[in-house]
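S.K.: Structure below; questions to follow.
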Amino acid sequence: MSVIAIVRSARPQQWVKNVLVFAPLVFAQQAREPRALGLATAAFALFCLASGAVYLVNDLLDCEQDRQHPRKCRRPIAAGELAPRVAGAAAAVLGALALAGAALVGPGLVLVLGAYLAISLAYARALKHVVIVDVMTLASGFLLRVVAGGVATGVPLSMWLLLCTSLLALFLGFGKRRHELVLLEAGAASHRPILAEYSPYYLDQMIAVVTTSTLVCYALYTMDPAVHQKLHTSRLPLTIPFVLYGIFRYLYLVHQKEWGGDPTQAVVGDRPLLVNILLWIIAIVLILYAR
């Protein structure tokens, strides 16, 4: 049925990325405020609609290339289970609903959500063919989710949070490109032309740079005296081991298990990594809220 195919193409399993809208609220110690929590939840739901629209557009534009991919060929549009015109109409409806809902929350969220949709469309049409810019564009989607959380709730955005999110997103983006390059081997460029501009060695260098930057940035954030004063705690450095293990485990999955093409699947499919993330969340909540 078309409805089932539309839902599959909207990739609800990927909507876990949208929990980033709650990050500003949590790290500002305002997650207990009912109104702010409600606004963040609304932003989360609207980003689910918007990201569903983006995935439909991506699959619509990439269906020919997806048919050459060993895994993406099973996607409804590429497999012929969902008509292109139906997919296009569904994407338009989801995008319109997301913007209409954002207008009810506030004009700031409309701007952020509109920027997310515009950048995603630009990526699908052109930016994915520009080396380095393609990964930076993917990373911007993660950053805009965090910005949306701050804008929707009125919580001031921490520069530390924005910087750590950007670096982590770049880390995941370069890992994704490396996985595609290794998985498709000689046929990589025919599936995604931009892969001809990359090599495993070059991507390993980029991953090394952003890995180091992410770890240093997070460590500096947790040890910043201004942060300690603002949050009334100096215990955040206790969470550094979880971040270290999480990144090292993800690198293990990318290099040894040839995962990394889908960060969400890596998190859900790898129990040690999932448990580590849950422990990090619990530690953050206890440090910031258990008083």
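S.K.: Hey, for a label at residue 216 modelled as a point 7 Å past Cα toward Cβ, could you say which residues of the range 160-185 have their backbone N under 12 Å away?
M.R.: What the label zone holds, given the 12 Å backbone N cut-off, is no residue at all.
S.K.: Now for a different question. Take the alpha-carbon positions of the range 156-291, form their convex hull, and give its projected area averaged over all directions (one quarter of the hull surface) in nm².
M.R.: 9.1 nm²
S.K.: Note the full-extension length gain between residue 223 and residue 97 as 0.36 nm times their separation in residues minus their Cα-Cα distance, in nm to one decimal.
M.R.: Length gained between residue 223 and residue 97: 41.2 nm.
S.K.: Tell me the per residue accessible area of the range 203-291 using a 1.4 Å probe; a whole number in Å² is fine.
M.R.: On the way: 4880 Å² over 89 residues.
Result: 55 Å² of accessible area for each residue.
S.K.: Something else now. How big, in percent, is the set of alpha carbon pairs in the chain lying more than 36 Å apart?
M.R.: Result: 16 percent of Cα pairs exceed 36 Å.
S.K.: Per the 1.4 Å probe, what fraction of the accessible area of the range 64-212, in percent, lies on carbon and sulfur atoms?
M.R.: Numbers: 4660 of 6770 Å².
Roughly 69 percent, rounded to a whole number.
The values are calculated or read from the model by the stated rules, or taken from the named source; none is laboratory data. None of the values given here were measured: they were computed from a predicted structure. With ideal geometry, Cβ positions are generated from the backbone for all residues, glycine too; neighbour counts draw on all protein chains shown. Note: accessible area is taken over every heavy atom of the protein model, side chains too, but ligands, DNA and RNA are not part of it. Shrake-Rupley method; radii C 1.70, N 1.55, O 1.52, S 1.80 Å.
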